[in-house]
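For reference, the structure discussed in these notes is given below.
The values are calculated or read from the model by the stated rules, or taken from the named source; none is laboratory data. Predicted model, so just to flag it, every value in this text is computed and none were measured. Methodologically, a virtual Cβ is constructed for each residue, glycine included, from the backbone with ideal geometry; neighbour enumeration extends over all protein chains shown.
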Amino acid sequence: MLKTGAFLLLVILAAGCTGLGPDFGSSEIKVSKPVTEGSSNIAVIRDINTIPTSPVLPSDQVDVSFIVENTDSQESLKGMTVELYDAASFYNGDTAPAQKGHYGKLCNIHDVLCLPEGSSCSAEKCELSNLAPGGQKLINYKLLAPSESSILGLSTDMELRFAVEHDFTAKTTYRPVVVNADEIKALQRAGQQVSIEAPTSIGSGPVKLDVSLKNRDFILNKNRATFEVRARHTGSGRLSGNVIEAGKLEVKFIGFSCDEFEEPVGIAFKAAPEGNDCKFTNTENAEFFRQGLSVPMLFIMKGVDIGTVPQRSYEVAATADYTYRLTGVVPITVKPAEI
C-alpha cells in the first residue's frame, strides 16, 4: 500500500499538479514590463553672472544674478524660495525701500537682509512665484564688494553660495495583471504561450517611485501577492530632510478592497477605502539611505478573484509630495585697482 501511494505521488509530481507554486504559469504566461520614465532634473540653475565681471574693485556695486528654469513640459514648480545663505564678505547694496536700514551692512550678519529684487521675503528666504512648465525666473542681488581695508589690499578670491527650493510631486502608475489558474492549465494542455504587458509609467522629477510585484511577474487568481514600493533619488540636488514626510506618500490600489490587504511592512501606513479602491498613506517618514533609495515598503494582498475571465489588468497609483533643494556657487575675485 505504501509503495502504491509513493508511486501515485511521483505521478502527481511529474504531472505538475501538486499546487500552484511560485513558478506556476511562468512558462505559459510571458510578461513584458516596459517602463516609461520622465526626466530627473526639472529645475535647473543656469547663467550665473556678476556685473561687473570678476575681478571686481573693492567697495564696488556688484549685481549677482542667475536664472532658474523649469524644464518640465507639464508640471509647475510650486512653493519656490531662494536664499543667499553665504555672501562671504559682501555687503547689502540695495537702496530699495524694502531694504531700508540694511544698506551697507554685512550680509552674513544674522539680522541683515540681502534680498533679491522684486521678491516677497521673510527673515531668511524669499518666496518666488510658481514657475510654469518651460518658464524661467531671473534672480538678481545688488551687493557691495568688501572694502580694500577688509581684504588688506590683497587680491582675494571669494565664493557666494545660494539655494533654491521648490515643491514637487512624484507620480507613478503601475498596471499589474491577474491571471486565472484555469487559463494557465488550458495553455498547458494546448502547449501554448500568451504574452501580456504590465507597464509602469514614472513621472518627472528628482524623486522616483518604483512599484512592482515581488517574486512574480503576474498575480495568480485567488493567491497572495506582494507589491514593493520604493522611492529613488535621481537628481543633482538634495531632498529636504532626506525623507518623504509622514502623510506625504500615498499608494492607491485601484479596484482593490482594503480587506484584501495585510498590514504593510517597512514603515507604518494607514489604510482607507476610497470608493472601490484602497488608499494607503504613510504615518511615519520614509527615510533615504546612502544609495539614494528609501526603505522598501511591502503591501501584501491576500488574494483577488477575477472569476472565470482569463486575465484582468489593474492599476496601482503612487504619489509623494516633497521639497527639493538646489544649490549654486558664485566665484568672484575682489582686486584693488593698483594690483
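Listed by first and then second residue, the pairs with beta-carbon distance under 6 Å, at least 6 apart or on different chains, first residue in region 66-91 and within 14 Å of ASN130 (Cα to Cα) and touching a residue at least 40 places away in the same chain (Cβ under 8 Å), second among the polar types (S, T, N, Q) and buried (at least 19 other Cβ atoms within 10 Å of the Cβ), are ASP72/SER204; LEU77/ASN70. Within region 116-130, identify whether any single residue is among the polar types (S, T, N, Q), modelled with pLDDT of 95 or more and either farther than 30 Å from VAL304 by Cα or surrounded by fewer than 17 Cβ atoms within 10 Å (Cβ to Cβ) (or both), and answer yes or no. Checked region 116-130: no residue is among the polar types (S, T, N, Q), modelled with pLDDT of 95 or more and either farther than 30 Å from VAL304 by Cα or surrounded by fewer than 17 Cβ atoms within 10 Å (Cβ to Cβ) (or both). When the residues of region 83-94 are filtered to those that are assigned to a loop (DSSP other than H, G, I, E, B) and of a type in the set (A, V, I, L, M, F, W, C), which remaining residue is farthest from SER155 (Cα to Cα)? Among them, the one singled out is ALA87.
Each row is one residue, and each column tells you yes or no for (1) closer than 30 Å to LYS100 by Cβ; (2) among the polar types (S, T, N, Q); (3) modelled with pLDDT of 95 or more.
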position	(1), (2), (3)
LYS137	yes, no, no
ILE151	yes, no, yes
ASP167	no, no, yes
GLN188	no, yes, no
VAL194	no, no, no
SER212	no, yes, yes
ARG216	no, no, no
LYS222	no, no, no
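Residues being polar (S, T, N, Q), touching an Asp or Glu at 6+ places or on another chain (Cβ under 8 Å) and over 30 Å from LEU326 (Cα atoms) are entirely absent from region 246-263.
Residues that are touching a Lys or Arg at 6+ places or on another chain (Cβ under 8 Å) and within 18 Å of GLY237 (Cβ to Cβ) within region 281-325 comprise GLY292, LEU293, SER294, ALA320, ASP321, TYR322, TYR324, ARG325, listed in sequence order.
If I filter region 191-203 for residues that are polar (S, T, N, Q) and farther than 30 Å from ILE306 by Cα, do I get at least one hit? No, region 191-203 has no match at all. Kindly establish whether ILE184 is in the same structural domain as GLU315 (by TED's automatic domain parsing), more than 21 Å from THR50 (Cα to Cα) and assigned to a strand (DSSP E or B). So ILE184 fails the test. Based on this model, can you work out whether ASP157 counts as assigned by TED's automatic domain parsing to the domain that holds MET301 and modelled with pLDDT of 95 or more? Criteria not met by ASP157. Scoring SER195 on the criteria (1) among the polar types (S, T, N, Q); (2) surrounded by 15 or more Cβ atoms within 10 Å (Cβ to Cβ); (3) within 29 Å of VAL31 (Cβ to Cβ) leaves a single failure, condition (2).
Checking each residue in region 136-157 for being surrounded by 19 or more Cβ atoms within 10 Å (Cβ to Cβ) and within 36 Å of the chain's Cα centre (by Cα) picks out LYS137, ILE139, TYR141, LYS142, LEU143.
For region 37-82, a residue qualifies if it is assigned to a loop (DSSP other than H, G, I, E, B), under 19 Å from PRO331 (Cβ atoms) and either in contact with a Cys (Cβ under 9 Å, 6 or more places away or on another chain) or β-branched (Val, Ile, Thr) (or both), and exactly one does: THR53.
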